[in-house]
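Taken together, the values in this text are just the output of simple stated rules run on the coordinates, not laboratory data. Everything quoted here is computed from the prediction, not taken from an experiment. Counting neighbours? That spans all protein chains shown, and the Cβs are built from the backbone with ideal geometry, glycine included.
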Amino acid sequence: MHPGFTRIVLISCAFLFLSCRKDIPHSVQFYYWKSHVQIEDTEKDYFSALGADRLYMRFFDVDLVQGAPAPVSVVGDFNPEILQAAYIPVVFITNRVMKSAGHPGGKSLAEDINSLIRQIAGDHGLEASDEIQIDCDWTESTRDTYFAFLEQLKKISGKKISCTLRLHQVKYRDRTGIPPADKVYLMAYATSSPVEDNGKNSILDTGLLKDYLRTIDTYPIKMDIALPLYSWAVVTNHLGRSKLINGVAESELQSPDFRRTAPHTYEVTEDVFLKGIYLNKGFHMRVEEISPELLKETRLFLEAKLQRPYDYVYYHLDSLFLQRFSPEDLR
């Protein structure tokens, strides 16, 4: 075959492949993580504009209280008719609960959690969801207890059981294990600790994300993707102790009370309140937030790695963060 003809055939085949390949659609859903529910016009508008139809609502946390697992931060009264949505109950369980539960454990905890979910759903007239989602940062030492709990919860509830999946649980799956869940929700954020001032955005650093997710395409369970919308300021006092102030954006620091000392870094120049928190002159702050460009870069990476349908679930449905994005930014 003539070399020129061969090139024409190859180019034609490549063009045909590209022209036949279609973008895979990804629906948009949201988490809701407040105990005091405030869903108002902005939240409703974004939820509707993005075609969302499911709200993953944190019903309560489970933590150790006087040495025993107990519900804390239980969601308050809310009107489910405020959104045209299916409400999926989410329960956050601290890893120390799993450390205390013993092996194999899980039945009593699963019964209590299922009972409280049913109570909250009943009190609010919610239609029964076919899914319960558990959020727990399990580790190698707690995986057997946690996995046994998930199996017990599935058996007791009769529901599909999903769970969150953190980055280290992907990279080190040989040690942390594969959970016995019907689906996982990959938390594509929290790439490092916010108190480590290493020059990276601890909420979402795409370099670290790509390293941890190099083999995400081989993960053996169906998954959706959770992406962040939130922001915070890491405040350090005169003693070098740090704490987080949620919801801070750099646009709020454009006043004489704050002096920019480096990219995303500020010094407090006068005693001032920020988000209701009192700050002394001389404190330092590092602001970490999510931009539309950062979200787009992350989505492009994930869509190249996972060429199959999945949903994006944004964390979370709150006007404080939503107003920084257009609906198009989140599609």
Quarter of Cα convex hull surface for the chain, i.e. mean projection, nm²
22.2 nm²
ALA262 and THR236 label points (each 7 Å along its Cα→Cβ direction) are spaced in nm at 0.7 nm
Using 7 Å Cα-to-Cβ label points, what is the GLN66/LYS44 separation (nm, one decimal)?
4.3 nm
So which GluC sites (Glu not before Pro) in region 121-205 are both in a DSSP loop and have at most 16 other Cβ atoms within 10 Å of their Cβ?
GLU127, GLU140, GLU196
Tabulate in residue order the Karplus-calculated ³J(HN,Hα) for region 39-55, using 6.51 cos²θ - 1.76 cosθ + 1.60 with θ = phi - 60°, rounded to whole Hz; enter x for Gly and Pro.
10, 10, 4, 4, 4, 5, 5, 5, 4, 6, 4, 8, x, 5, 9, 9, 10
Fully extended contour minus Cα-Cα distance, from LYS107 to LYS243, at 0.36 nm per residue:
45.3 nm
GLU328 versus SER255: modelled label distance in nm, points set 7 Å from Cα along the beta carbon direction:
3.3 nm
Restricting to DSSP loop positions (anything but H, G, I, E, B) with no more than 10 other Cβ atoms inside 10 Å of their own Cβ, which trypsin sites (Lys or Arg not before Pro) remain in region 233-297?
ARG241
Hull surface divided by four, with the convex hull built on the Cα atoms of region 236-279: how many nm²?
3.2 nm²
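Per 0.36 nm of contour for each residue apart, how much would the distance between ASP77 and ASP217 grow if the chain were fully extended, relative to their Cα-Cα spacing? Each step should come with its number before you reach the end.
On the way: separation 140, 0.36 × 140 = 50.40 nm, distance 4.02 nm.
Value of the extension gain: 46.4 nm.
If region 184-291 were replaced by its equivalent ellipsoid, with semi-axes equal to the square roots of 5 times the Cα gyration tensor eigenvalues, what would those be, largest first, whole Å? Please list the in-between numbers first.
Numbers: eigenvalues 210, 33, 25 Å².
The answer is 32, 13, 11 Å, longest axis first.
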Could you tell me which of ALA49, PHE78, GLN152 has its Cα farthest along the dipole of region 39-161 towards the positive end, charges placed at Cβ (Lys, Arg +1; Asp, Glu -1), taken about the Cα centre?
GLN152
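Using a Förster distance of 22 Å, how high is the FRET efficiency between ILE277 and LEU320, based on the Cβ-Cβ distance and rounded to 0.05?
On the way: r = 15 Å, r/R0 = 0.69.
Once the sixth-power term is evaluated, E becomes 0.90.
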